[in-house]
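Below: one structure, written as structure tokens.
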Amino acid sequence: MIRVLIVDDHDIVREGLKRILAEYRDVEVVGEATCGEEAIQLIRKLNPDVILMDISMPGMDGLEATKRITERWPKVKVLVLTVHPEDTYAVRILKAGALGYLQKNCGPDDLITGIRTVYQGARFLLPEVAQRLAYRLLEEKKDLGPIESLSDRELQVLHHLASGLEMKEIAAKLRISYKTVETYRARLMEKLKLRNVADLTRFAIQHKLICL
């Protein structure tokens, strides 16, 4: 039996996933969390085999949670399930330790195959996604695009700024100082050649870093 923990801040998504997975005898949903911090607490109690992880969540996001979980519990497998296109987050999330990446518009067959595959310790990407990522990685060696030029922390700060959070709120969520957030904001402006937070927000929407 594959013990699955669902991590997503949307009730309707968690309910939908539980209904889908209830159809398979070799899978059991042992718990659900709404953010990375809650997921880490539940791992200690529930001992899941596979985590279905969203990326954009309040508090600790899926990228940071994946890093911490795979470092602390290497036997726990992470399969990311997100609305973000693979060219935005897939490489980062795989480098963070996840074994698989799926978008939320995938079908039940892909979802259960992904869970079973990462449970066995193998990587799971749909063939068309793997092909696009391979091509993108080759292109990155020639010239980094605007998203790829950002560090993971810069990407997190960008996401929070574009989502409308105040600087002090971002500092609290990421557990860094207000001044450090200011530094990241200034660095984002410089790297992306933007002038203000409104420009950052438009950039984030254009690159599908936030969902409207």
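Every residue, every condition in (1) outside the structural domain of residue 162 (by TED's automatic domain parsing); (2) among the basic types (Lys, Arg); (3) touching a strand residue (DSSP E or B) at 6+ places or on another chain (Cβ under 7 Å), yes or no:
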{"position": "16", "(1), (2), (3)": "yes, no, no"}
{"position": "19", "(1), (2), (3)": "yes, yes, no"}
{"position": "35", "(1), (2), (3)": "yes, no, no"}
{"position": "41", "(1), (2), (3)": "yes, no, no"}
{"position": "49", "(1), (2), (3)": "yes, no, yes"}
{"position": "67", "(1), (2), (3)": "yes, yes, no"}
{"position": "72", "(1), (2), (3)": "yes, yes, no"}
{"position": "76", "(1), (2), (3)": "yes, no, yes"}
{"position": "81", "(1), (2), (3)": "yes, no, yes"}
So, residue 20, is that one among the β-branched types (Val, Ile, Thr) and within 18 Å of the chain's Cα centre (by Cα) or not? no
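Pick from region 27-71 the residues that are basic (Lys, Arg) and touching a residue at least 24 places away in the same chain (Cβ under 8 Å): which of them is nearest to residue 92 (Cα to Cα)?
If we take residues in region 27-71 being basic (Lys, Arg) and touching a residue at least 24 places away in the same chain (Cβ under 8 Å), then 67 is nearest to residue 92 (Cα to Cα).
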Do we have any residue at all in region 24-36 that's touching a Lys or Arg at 6+ places or on another chain (Cβ under 6 Å) and either closer than 19 Å to residue 155 by Cβ or β-branched (Val, Ile, Thr) (or both)? yes
Could you please give the count of residues in region 42-80 that are surrounded by fewer than 22 Cβ atoms within 10 Å (Cβ to Cβ) and of a type in the set (Gly, Ala, Ser)? 2
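Could you tell me which of the residues 185, 202 is over 19 Å from the mean Cα position of the chain (by Cα) and surrounded by 16 or more Cβ atoms within 10 Å (Cβ to Cβ)?
The unique qualifying residue is 185.
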Please work out which one of (1) over 28 Å from residue 199 (Cβ atoms); (2) crowded, with 16+ Cβ neighbours inside 10 Å; (3) modelled with pLDDT under 90 is the condition residue 137 fails and give its number. (2)
Of everything in region 21-34 that's surrounded by fewer than 19 Cβ atoms within 10 Å (Cβ to Cβ) and not small (Gly, Ala, Ser), which residue is nearest to residue 8 (Cα to Cα)? 34
Give the residues of region 181-190 that are within 15 Å of residue 152 (Cα to Cα) and touching a helix residue (DSSP H, G or I) at 6+ places or on another chain (Cβ under 7 Å), sorted by residue number. 181, 184, 185, 187, 188
Could you please tell me which pairs satisfy a Cβ distance under 6 Å, a separation of 6+ or placement on different chains, a first residue in region 177-200 that is modelled with pLDDT of 85 or more, and a second residue that is of a type in the set (Lys, Arg)? 178/168
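The values are calculated or read from the model by the stated rules, or taken from the named source; none is laboratory data. Nothing here was measured: the structure is a model prediction, and the numbers come from that model. In this analysis, Cβ positions are derived from the backbone assuming ideal geometry, glycine residues included, and neighbour counts consider all displayed protein chains.
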